[in-house]
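Colleague: Below are the structure tokens for one structure; questions will follow.
The values are calculated or read from the model by the stated rules, or taken from the named source; none is laboratory data. All figures in this text were calculated on a predicted structure; none of them were measured in a lab. Quick reminder, even Gly has a Cβ in these numbers, built from the backbone with ideal geometry, and neighbours come from all protein chains shown. The area values use the complete protein model at the heavy-atom level, side chains included, leaving out ligands, DNA and RNA. Shrake-Rupley method; radii C 1.70, N 1.55, O 1.52, S 1.80 Å.
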Amino acid sequence: MYVAVKGGEAAILATHDLVAEARRGNESVPELKVAQIREQQGLACARVMNEGSLYDLDLAALALKQAQGDAIEAAFLMRAYRTTLPRFGSSEPVDTAQMAIRRRISATYKDLPGGQVLGPTYDYTHRLFDFALMDEGQSAIGSRQSKTVEQPDCRLPTADCLDSHMPRVPDILGAEGLMEAEAPPEGDPRPFDLTREPVSFPADRDVRLQAMARGDEGFLLGLGYSVQRGYGGNHPFVGEIRVGEVCVEFVPEELGFSVDLGEITLTECQMVNQFQGSKDVAPQFTRGYGLSFGHSERKAMSMSLVDRALKCREFGEAANYPAQQDEFVLYHSDNVEAAGFVEHLKLPHYVDFQGELELIRRITREREQRLAREQDTLPEAAE
């Protein structure tokens, strides 16, 4: 039977007060300000912007403060706010080849044209606590400035067709005909809008990339790891990771020419995978692509690994593993939807449970009655 809940509204309002109290913590400790989170927790803000599908550092910092650092809850706040915003058009495609580089590395070319730029990274730290940070002072680690490592130019047979400053590694390989070419579909149609149109399967690559761009970093990391462990059949190399600022341009209808709206920080990863070829097509490396808001290398790398795995059908490969199945990846990588579906189990399910409870009680009674009847017939059988 259904039992009515009394005092529900009052209890919910009380939980709001308790949440605010828990969020604030010990009042003798200075309260975190949104600007502090934005400037000092940039990697967390980048994750919230990616999974919240909205580029706004201040709102990402506010979401993290409001959610007590819960990245999924913060992304939920960003998604909810995003639905209230008017949409007046689409920007021009950003050109990452013209990125103002902050960090740029390659695991495939030591003498990379334009040089390796180590930039800010934890890759070369020892993962030891820096206790100086507890004193709110300048840490010994933080005082060391990242330096640009200049490398000699690489002689290319067709270097004149590349960016003379910092060409992208796939472009270098493509100039030699060693990288699969990527071109827009015939007619260059408008990309699919995941937020406005229902997804159907098999999904095209623009749909897959959109879903992964706002997908859960941990889920994509696990899938990317599975690919490396053999559940995908790819042997990847990091062709290039670049982090920096790119210009966003928009063409107003009344003007007819592009207007610079400002800069955003992006992380781009181009993963080089094992080559394909046939008697009709020369052997070429294949690629996986990842692009994410802010400084978020792990997300971009994971995305590029899974992107290549999802291209398996295009290369005639069997789709045997989760990372190769677009329906599995797209439906389960959305952590906001996943969290909602899992966490709704906390909400009242009294009627459903009472139905299950009555069913199991009835089955138990019937079982006991059947066993009793069988016991009663045993003496008669013995006689």
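Colleague: Any chance you could count how many residues in segment 276-294 are surrounded by fewer than 22 Cβ atoms within 10 Å (Cβ to Cβ) and touching a Lys or Arg at 6+ places or on another chain (Cβ under 9 Å)? Step through it out loud before you land on a result.
Modeller: Step one: list which residues in segment 276-294 are surrounded by fewer than 22 Cβ atoms within 10 Å (Cβ to Cβ), which gives 276-286, 289, 291.
The next check asks that each one be touching a Lys or Arg at 6+ places or on another chain (Cβ under 9 Å); those that pass are 286, 289.
Of the residues in segment 276-294, 2 are surrounded by fewer than 22 Cβ atoms within 10 Å (Cβ to Cβ) and touching a Lys or Arg at 6+ places or on another chain (Cβ under 9 Å).
Colleague: Okay, moving on. Would it be correct to say that residue 267 is modelled with pLDDT of 95 or more and polar (S, T, N, Q)?
Modeller: Values: modelled with pLDDT of 95 or more: yes; polar (S, T, N, Q): yes.
Taking the combined requirement at face value, the residue satisfies it.
Colleague: Could you check residue 375 against (1) in the same structural domain as residue 303 (by TED's automatic domain parsing); (2) over 40 Å from the mean Cα position of the chain (by Cα) and say which number it fails?
Modeller: Residue 375 satisfies all of (1) in the same structural domain as residue 303 (by TED's automatic domain parsing); (2) over 40 Å from the mean Cα position of the chain (by Cα) except (1).
Colleague: Report yes if residue 239 is in contact (Cβ under 8 Å) with a residue 60 or more places away in the chain, assigned to a strand (DSSP E or B) and either touching a Gly at 6+ places or on another chain (Cβ under 9 Å) or of a type in the set (Gly, Ala, Ser) (or both), otherwise no. So that I can check it myself, show each step before the final result.
Modeller: Numbers: in contact (Cβ under 8 Å) with a residue 60 or more places away in the chain: yes; assigned to a strand (DSSP E or B): yes; either touching a Gly at 6+ places or on another chain (Cβ under 9 Å) or of a type in the set (Gly, Ala, Ser) (or both): yes.
When the stated conditions are applied, residue 239 passes them.
Colleague: May I ask you to say which residue of 217, 197, 240 is within 19 Å of the chain's Cα centre (by Cα) and farther than 18 Å from residue 46 by Cβ? Quick ask: steps written out before the conclusion?
Modeller: Values: 217 fails: farther than 18 Å from residue 46 by Cβ; 197 fails: within 19 Å of the chain's Cα centre (by Cα).
Just one listed residue meets the conditions, 240.
Colleague: Pick from 170, 198, 202, 157: which is surrounded by 10 or more Cβ atoms within 10 Å (Cβ to Cβ) and either closer than 30 Å to residue 30 by Cβ or modelled with pLDDT under 90 (or both)? Let's see the steps before the verdict.
Modeller: Details: 198 fails: surrounded by 10 or more Cβ atoms within 10 Å (Cβ to Cβ); 202 fails: either closer than 30 Å to residue 30 by Cβ or modelled with pLDDT under 90 (or both); 157 fails: surrounded by 10 or more Cβ atoms within 10 Å (Cβ to Cβ).
Checking each option against the conditions leaves just 170.
Colleague: Looking only at segment 223-264, count every residue that is open to solvent by 20 Å² or more (accessible area, probe 1.4 Å) and closer than 30 Å to residue 323 by Cβ and tell me the total.
Modeller: Residues meeting the conditions: 12.
Colleague: If you go through segment 338-352, how many residues are without any contact (Cβ under 8 Å) to a residue 12 or more places away in the chain and either among the β-branched types (Val, Ile, Thr) or exposed (fewer than 11 other Cβ atoms within 10 Å of the Cβ) (or both)?
Modeller: The qualifying residues number 7.
Colleague: For segment 278-295, state whether one or more residues are at pLDDT 95 or above, in the same structural domain as residue 238 (by TED's automatic domain parsing) and not in a strand (DSSP E or B).
Modeller: yes
Colleague: Would you point out the residue of segment 302-317, among those that are out of contact with any helix residue (DSSP H, G or I) (no Cβ under 7 Å at 6 or more places or on another chain) and not hydroxyl-bearing (Ser, Thr, Tyr), that is nearest to residue 268 (Cα to Cα)?
Modeller: Initially, segment 302-317 is screened for residues out of contact with any helix residue (DSSP H, G or I) (no Cβ under 7 Å at 6 or more places or on another chain), giving 304, 308, 311, 313-317.
Keeping just the survivors that are not hydroxyl-bearing (Ser, Thr, Tyr) gives 308, 311, 313-317.
On the way: 308: 15, 311: 19, 313: 24, 314: 23, 315: 24, 316: 27, 317: 26 Å.
Of everything passing the filter in segment 302-317, 308 is nearest to residue 268 (Cα to Cα).
Colleague: For residue 330, state whether it is touching a residue at least 40 places away in the same chain (Cβ under 8 Å) and either in contact with a Gly (Cβ under 7 Å, 6 or more places away or on another chain) or part of a helix (DSSP H, G or I) (or both). Steps first, please.
Modeller: Details: touching a residue at least 40 places away in the same chain (Cβ under 8 Å): yes; either in contact with a Gly (Cβ under 7 Å, 6 or more places away or on another chain) or part of a helix (DSSP H, G or I) (or both): yes.
It is true that residue 330 is touching a residue at least 40 places away in the same chain (Cβ under 8 Å) and either in contact with a Gly (Cβ under 7 Å, 6 or more places away or on another chain) or part of a helix (DSSP H, G or I) (or both).
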